[in-house]
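S.K.: Mind looking over this structure? Questions follow.
The values are calculated or read from the model by the stated rules, or taken from the named source; none is laboratory data. On a predicted model such as this, the values are computed, not experimentally measured, just so you know. Heads up, the Cβs are rebuilt from the backbone with ideal geometry, glycines too, and the neighbour counts pull from every protein chain shown. These area figures cover heavy atoms from the full protein model, side chains too; ligands, DNA and RNA do not enter into them. Shrake-Rupley method; radii C 1.70, N 1.55, O 1.52, S 1.80 Å.
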Amino acid sequence: MVTAVPVPARLGMFDLVRAGLVGVVGRPARAVLSALGIGIGVAAMVAVLGITTASQAQLSAQLSALGTNLLKAAPGNTLFGDTAQLPANAIDMARRIGPVTAASGTGTVKNCFVYRSDLVDPRDTGGLSVLAAKLDLLDTVSARLTAGQWLNAATERFPAVVLGAAAAHQLGIDRPGRQVYLGGLRFTVVGILAPATLAPELDTSALVGWDQAASSLGFDGRPTTVYERSTDQSVEGVRSILGASLNPEHPEEVAVSRPSDALRAQVAAKATFLSLFLGLGAVALLVGGVGVANTMVISVLERRSEIGLRRAMGASRGQVRTQFLAEAVLLSGLGGLFGVLLGLIVSIGYALSSGWPVVVPVSGIAAGVGASVLIGTLAGWFPAARAARLPPNTALVAG
């Protein structure tokens with residue numbers, strides 16, 4: 001007569017999850033500390049991805065709003081190393097280039113500085129400069145005002161000045177109507193600029209009308225910076241001929257740049273830092289995985305009697321292995337879910353406080369959860385295999 005060998009019952013997914021949760025909940029303090037390591041690593045990855053993505057979205061929105069078709073031309077150096085000069089008609093020459101849609105400029109008023117009053121020490125210039133400005137400058141560089149108005153056909157002939165954002169802050173001017181002292185004369189502040197992203201040199205300047213600068217402040221009429229906009233398709237073509245158009249005799253003495261390249265460089269720099277911080281997050285995940293593995297090894301040692309009893313009652317090695325592996329995955333997965341929630345809270349809060357668009361890093365969430373499950377599997381494999389290899393009699397005696 002042949003005796004039938006009993007076949008162990010199969011563990012369903014619900015049974016596995018329940019068995020794993022029993023092991024996790026049975027030792028809450030240890031489980032929380034182990035899951036916390038995984039959670040911190042996942043939170044770091046999700047937060048870094050969210051903040052970086054939001055920052056890049058903000059910069060991209062800025063680029064779209066300001067445009068990438070602005071070129072800036074300034075004097076370079078002569079053959080002998082001296083500072084060159086742009087011709088007096090450089091702005092008009094830029095306007096004659098076919099694809100150019102707008103051109104404007106500023107000119108530095110030499111030996112002229114701006115002070116809060118005539119009682120300030122003349123040597124205390126504060127690094128602020130006085131610029132003669134064309135009336136269409138504001139539109140050309142996509143700058144805006146925070147208070148007051150820009151120079152117009154009436155005010156450009158009178159002692160009126162518009163202050164850059166940093167200049168207004170340094171002089172203590174917070175609204176139009178106040179007066180400042182420059183070139184031995186009192187000028188009335190008619191407007192205050194917001195920070196000019198594409199023309200940061202305007203932030204530390206006091207801008208006066210072109211005619212007023214020439215008649216009252218000794219301005220020589222030569223522009224020191226020319227700004228021009230052209231169609232997007234023709235930017236590089238205009239860039240190649242702009243120097244020769246502004247100064248046909250010495251095109252090599254004209255330095256041409258594209259201000260939007262600085263914003264693009266910021267986007268590239270943030271992408272570089274993203275890789276660095278993701279690497280740090282991966283290290284935190286690795287440390288968390290070691291913690292999970294350590295917890296599971298101790299759990300196997302403490303629960304040898306339970307393992308022996310289960311084996312004696314007919315549980316197979318595979319079932320014991322699967323139980324402890326499921327416990328490790330659940331422990332790591334719960335830590336990963338906590339890390340995702342924490343990372344989202346940090347990234348969304350930082351984006352809102354900075355005025356950036358809120359971007360949910362879906363790829364980061366998926367990567368964080370997937371990494372936590374993978375690490376839990378790897379960390380739990382050795383302890384689970386060790387538990388499965390314990391003979392029933394040895395486990396019961398040891399327990």
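S.K.: Looking at (1) farther than 30 Å from Q179 by Cβ; (2) at pLDDT 75 or above; (3) basic (K, R), can you tell me which one R264 breaks?
M.R.: Failed condition: (2).
S.K.: Restricted to the stretch 312-347, and to residues that are open to solvent by 60 Å² or more (accessible area, probe 1.4 Å) and modelled with pLDDT of 80 or more, which residue is nearest to R30 (Cα to Cα)?
M.R.: Just the residues of the stretch 312-347 that are open to solvent by 60 Å² or more (accessible area, probe 1.4 Å), to begin with: 312-313, 317, 321, 334, 337-338, 341-342, 345-346.
Okay, now just the ones that are also modelled with pLDDT of 80 or more, so 334, 337-338, 341-342, 345-346.
Values: L334: 13, L337: 17, F338: 16, L341: 21, L342: 20, I345: 25, V346: 26 Å.
It comes out as L334.
For (1) touching a Cys at 6+ places or on another chain (Cβ under 6 Å); (2) aromatic (F, W, Y); (3) free of Cβ contacts under 8 Å to residues at least 12 places away in the same chain, each residue gets a yes or a no:
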{"position": "A206", "(1), (2), (3)": "no, no, no"}
{"position": "Q212", "(1), (2), (3)": "no, no, no"}
{"position": "L217", "(1), (2), (3)": "yes, no, no"}
{"position": "Y227", "(1), (2), (3)": "no, yes, no"}
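S.K.: Would you mention how many residues in the stretch 357-398 are more than 21 Å from L36 (Cβ to Cβ), modelled with pLDDT of 80 or more and not in a loop (DSSP other than H, G, I, E, B)?
M.R.: Count: 2.
S.K.: Of the residues that make up the stretch 66-83, is at least one β-branched (V, I, T), open to solvent by less than 70 Å² (accessible area, probe 1.4 Å) and assigned to a helix (DSSP H, G or I)?
M.R.: Filtering the stretch 66-83 down to residues β-branched (V, I, T) leaves 68, 78, 83.
Restricting the remaining residues to those that are open to solvent by less than 70 Å² (accessible area, probe 1.4 Å) gives 68, 78.
Those left that are additionally assigned to a helix (DSSP H, G or I): none.
Scanning the stretch 66-83 turns up no residue that is β-branched (V, I, T), open to solvent by less than 70 Å² (accessible area, probe 1.4 Å) and assigned to a helix (DSSP H, G or I).
S.K.: Need the failing condition index for N111 against (1) modelled with pLDDT under 80; (2) closer than 20 Å to Q212 by Cα, just the number.
M.R.: Just one mismatch for N111, condition (1).
S.K.: Would you confirm, using the coordinates I've provided, whether P87 is out of contact with any strand residue (DSSP E or B) (no Cβ under 7 Å at 6 or more places or on another chain) and either part of a loop (DSSP other than H, G, I, E, B) or β-branched (V, I, T) (or both)? If you could, list the steps in order and put the result at the bottom.
M.R.: Values: out of contact with any strand residue (DSSP E or B) (no Cβ under 7 Å at 6 or more places or on another chain): yes; either part of a loop (DSSP other than H, G, I, E, B) or β-branched (V, I, T) (or both): yes.
Yes: the conditions hold for P87.
S.K.: Follow-up. Is it the case that the stretch 88-99 has a residue that's open to solvent by 90 Å² or more (accessible area, probe 1.4 Å) and farther than 20 Å from S205 by Cα? Give the derivation first.
M.R.: First, pick out the residues of the stretch 88-99 that are open to solvent by 90 Å² or more (accessible area, probe 1.4 Å): 95-96.
When the remaining residues are screened for being farther than 20 Å from S205 by Cα, the result is 95-96.
Yes.
S.K.: How many residues does the stretch 187-201 hold that are within 17 Å of G105 (Cα to Cα), touching a residue at least 24 places away in the same chain (Cβ under 8 Å) and not hydrophobic (A, V, I, L, M, F, W, C)?
M.R.: Going through the stretch 187-201, the residues within 17 Å of G105 (Cα to Cα) turn out to be 193, 196-201.
Among the residues that remain, those that are also touching a residue at least 24 places away in the same chain (Cβ under 8 Å) are: 193, 196-199, 201.
So of that shortlist, the ones also not hydrophobic (A, V, I, L, M, F, W, C) come out as 197, 201.
Qualifying residue count, the stretch 187-201: 2.
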